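For reference, the structure I am asking about is given below.
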Amino acid sequence: MRKKIVAGNWKMNMDLAEGLKLASSIDKYFSENPSNKATVIVCTPFIHLAGAHEILKHGKIALGAQNCASEASGAFTGEISAWMVKSTGAEYVIIGHSERRSYYNEDDKTLNKKTLLAINSGLKVIFCCGEVLKEREEKKHFLIVKRQLEEGLFPLSVEQMDKIVIAYEPVWAIGTGLTASPDQAQEMHKYIRDMVKEKYGNECAKKLPVLYGGSCKPSNAAEIFSKPDVDGGLIGGAALNKEDFTAIVEAV
Ligand code: PEP
């Protein structure tokens, strides 16, 4: 049985005090409601990581960043390396979010570099993939995801794949209120798992968590998560609100 995962992506929201307050309230909720079986991750902006780690370290919630540099260290003003992320106590990092791909021109090669640096620094990677609306309308969505995985992820060894969680996030569903139907999500998740099976074998594919992301809310989460190849979600907007986020976790 694959473990279910719900990861919140706070994006560029909340100042330090607001972020730590949200981390505390989520932590309190899960200490008081310990029956939850899913792995819960919060991916905060860099500035919250060390403080959030202090709050979360005795509880059950894991911490992640939303990005890391494509170089290990040195004269790269303004960048934060994977090793720096790891040193805050974070365990995860999101790589390849569509907002990074489109606003910061992060290509598959760069994302592969970041993924390898993250794994070598001891982090686990939530690797995002997904097509834009035009690509889906032109029925190119499988081709796009295939390329993103082949170039961004598949240079990894089978041992390194153990550190990977894939998040399928159709870009047209992110922050738009549109959601892929449960069947659309299942179809793509199965496609992804089949690709991983072909490349790395059945054992690897069977244990790989594949999350869905794109306007997940308490009202639609249970139906999407009920699909056999959907192992949880990557949650944006709804992760900024304790009630919505915890309700999504409870829906797993
Ligand atoms: C995301 O940013 O990863 C995401 C899924 O956002 P939202 O839930 O707001 O669509």
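How much of the accessible area of the chain, in percent, comes from carbon and sulfur atoms when a 1.4 Å probe is used?
54 percent
Between His97 and residues 5 or more places away or on another chain, which pairs have amide H atoms under 5 Å apart, with H built 1.01 Å from N, and which residues are they?
So His97 has HN proximity to Cys128.
Which of the trypsin sites (Lys or Arg not before Pro) found in region 1-52 are loop residues per DSSP with 10 or fewer other Cβ atoms within 10 Å of their Cβ?
Counting only loop positions with at most 10 other Cβ atoms within 10 Å, the trypsin sites (Lys or Arg not before Pro) in region 1-52 are Lys37.
Let me ask something else about it. About its Cα centre, what dipole magnitude does region 4-251 give when the only charges are +1 on Lys and Arg Cβ and -1 on Asp and Glu Cβ, stated in debye to the nearest 20?
300 debye
Right, here's the next one. Going by a ≥ b ≥ c, the root eigenvalues of the Cα gyration tensor, does region 1-67 fall in the rounded group (a/c under 1.5), the prolate group (a/b larger than b/c) or the oblate group?
Values: a/c = 2.17, a/b = 1.41, b/c = 1.54.
Oblate is the answer for region 1-67, as a/c is 1.5 or above yet b/c matches or exceeds a/b.
Accessible area per residue, 1.4 Å probe, Å², for region 4-251: what's the number?
Working: 11210 Å² over 248 residues.
Result: 45 Å² of accessible area for each residue.
Moving on to the next point. Quick check: convex hull over the Cα atoms of region 180-221, volume per residue in Å³, rounded to an integer? Before the final figure, lay out each step's value.
Details: hull volume 2.7 nm³, N = 42.
Per residue, the Cα convex hull of region 180-221 comes to 65 Å³.
Could you give the C-alpha radius of gyration of the chain expressed as a fraction of 2.2 N^0.38 Å, taking N as the number of residues it contains?
0.94
Calculate the length of the line joining the C-alpha centroid of region 98-140 to that of region 1-39, in whole Å.
Here the answer is 23 Å between Cα centres.
The values are calculated or read from the model by the stated rules, or taken from the named source; none is laboratory data. Worth saying up front: this structure is predicted, and the values here are computed from it rather than measured. FYI the Cβ positions are ideal-geometry reconstructions off the backbone, even for glycines, and counts take in every protein chain you see. Heads up: the accessible areas ignore ligands, DNA and RNA and are worked out on the full protein's heavy atoms, side chains in. Shrake-Rupley method; radii C 1.70, N 1.55, O 1.52, S 1.80 Å.
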